[in-house]
């Protein structure tokens, strides 16, 4: 390192000129550099470490929330489909039992057992409502799922209607109306002095109730979802 005291006047003048020249070059370069535009300033801010960290945090949080929402929706859909399957299976199982009961009743009528129209309607309704269960006897329990054994048929239909897609609800309402035709006759009290039912009347009642059961079987609302 040179000591300034060792420099003569000529060296000092040369150094001064160099410093002046460097200062002029710096000013010229600064003047030639265009000022940063708004977009460039924004990009500079966005490209900063802090801003990148903030943006990454927002993206991660958004993705996490979206995944959680998707999982929740998927779980709800899975539960809804499972409920529909259980309800539809329970309902169709009871309908199948009613069909079997009608076949037995038909054989009884052929064997000259007097069965009234009101009794036959009530019997079919009892199968659908699973109301044959005695207090301590499960031999007449026609339910499939124990938690649904005490549920009346119309209660199952109502819950099924609320669980299906809007497009399928009219079919469920139709099934409810079909069951209603059966329930109306089944709820009637048979007069004590009613004449002995004939075999033809019983067969007609069996044909009527069978038609109602078949109509329920074919209802699209009662088919378990795949």
If you go through segment 99-116, how many residues are in contact (Cβ under 8 Å) with a residue 40 or more places away in the chain and under 15 Å from residue 127 (Cβ atoms)? 5
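For segment 81-114, give me each residue that is more than 21 Å from residue 153 (Cβ to Cβ) and either touching a helix residue (DSSP H, G or I) at 6+ places or on another chain (Cβ under 8 Å) or assigned to a helix (DSSP H, G or I) (or both).
81, 106, 107, 108, 109, 110, 112, 114
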Return yes when residue 174 is at pLDDT 95 or above and within 24 Å of residue 226 (Cβ to Cβ) and no when it is not. yes
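Just need a number here: residues in segment 184-193 that are in a helix (DSSP H, G or I) and either surrounded by fewer than 19 Cβ atoms within 10 Å (Cβ to Cβ) or out of contact with any helix residue (DSSP H, G or I) (no Cβ under 8 Å at 6 or more places or on another chain) (or both).
Residues of segment 184-193 that are in a helix (DSSP H, G or I), as a first pass: 184-186.
Now narrow it down to the ones that are either surrounded by fewer than 19 Cβ atoms within 10 Å (Cβ to Cβ) or out of contact with any helix residue (DSSP H, G or I) (no Cβ under 8 Å at 6 or more places or on another chain) (or both): 184-185.
Summing the residues that are in a helix (DSSP H, G or I) and either surrounded by fewer than 19 Cβ atoms within 10 Å (Cβ to Cβ) or out of contact with any helix residue (DSSP H, G or I) (no Cβ under 8 Å at 6 or more places or on another chain) (or both) in segment 184-193 gives 2.
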Only one of 203, 196 is more than 31 Å from the chain's Cα centre (by Cα), outside any helix (DSSP H, G or I) and in contact (Cβ under 8 Å) with a residue 60 or more places away in the chain. Can you tell me which? 196
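Residues checked against (1) modelled with pLDDT under 90; (2) closer than 25 Å to residue 194 by Cα; (3) out of contact with any strand residue (DSSP E or B) (no Cβ under 7 Å at 6 or more places or on another chain):
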| position | (1), (2), (3) |
| --- | --- |
| 80 | yes, no, yes |
| 94 | no, no, yes |
| 101 | no, yes, yes |
| 105 | no, yes, yes |
| 122 | no, yes, yes |
| 139 | yes, no, yes |
| 158 | no, no, yes |
| 161 | no, no, yes |
Residue 174 - would you say it is under 30 Å from residue 79 (Cβ atoms) and without any contact (Cβ under 8 Å) to a residue 60 or more places away in the chain? yes
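The values are calculated or read from the model by the stated rules, or taken from the named source; none is laboratory data. Since this is a predicted model, take the numbers as computed values, not measurements. Positions of Cβ are generated from backbone atoms using ideal geometry, with glycine treated the same way; all protein chains shown enter the neighbour counts.
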